[in-house]
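Read-outs: derived from the displayed coordinates by stated rules, not from any lab. Since the structure is predicted, the reported quantities are computational estimates derived from the model, not experimental observations.
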């Protein structure tokens, strides 16, 4: 195991021979919320990213007022892999955050067991459509507030009231730059998926 408690293959380019099961998870959220960072932090392999430079041509299409320092944006997907146990591996698919790429979500969601919704307290309203879309896709999900430096830190009860997920939906805080924090978030999501599947929720 590595320092974060994950099982990592000696050569991460290949899966251990003991792996018997895999699970696909979507990492979703509005543009600039930290999806690419989350996938990069968690991936034991060199992640696949489809980031392109933000240009003036997109100024009239994408609203980047909330993320003025953002210089690149995902235009298709991010992909990473993490060995969870000796027998289970997770495949992480980060979705593009701009509404104009929403048509990709249905394709990326095929075969996924659940979704991790990343949110930013400075613009919670940007997450409403994301949560609606995940629910329309029929995916079980957990919400993780990405802990940006200097962002407001409302109590969990206020966050839950503002985002209004189903009562059983996990909602917590994570730092997309920190492996331990991301690990705990993924475990919470997987446990939620397993528990709700067991009771048919």
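Could you give the length gained by full extension between residue 22 and residue 123, i.e. 0.36 nm per residue of separation minus their alpha carbon distance, to one decimal place?
Details: separation 101, 0.36 × 101 = 36.36 nm, distance 3.36 nm.
Answer, rounded to one decimal: 33.0 nm.
Roughly speaking, what is the centre-to-centre gap between the stretch 147-201 and the stretch 19-33 when only Cα atoms are used, to the nearest Å?
14 Å
Against the 2.2 N^0.38 Å scaling, with N counting residues, where does the stretch 70-201 land? I'd like the Cα-based Rg ratio to two decimal places. Each step should come with its number before you reach the end.
On the way: Rg = 14.7 Å, N = 132, 2.2 N^0.38 = 14.1 Å.
The reported ratio for this selection is 1.04.
So what's Rg/Rh here for the stretch 89-147, counting alpha carbon atoms and using the Kirkwood radius for Rh? Before the final figure, lay out each step's value.
Values: Rg = 11.4 Å, Rh = 12.1 Å.
Value, to two decimals: 0.94.
For residue 191 and residue 103 in one chain, what is 0.36 nm times their gap in residues minus the Cα-Cα distance, to one decimal in nm? Show your work: numbers first, answer last.
Values: separation 88, 0.36 × 88 = 31.68 nm, distance 2.84 nm.
Difference between extended and current length: 28.8 nm.
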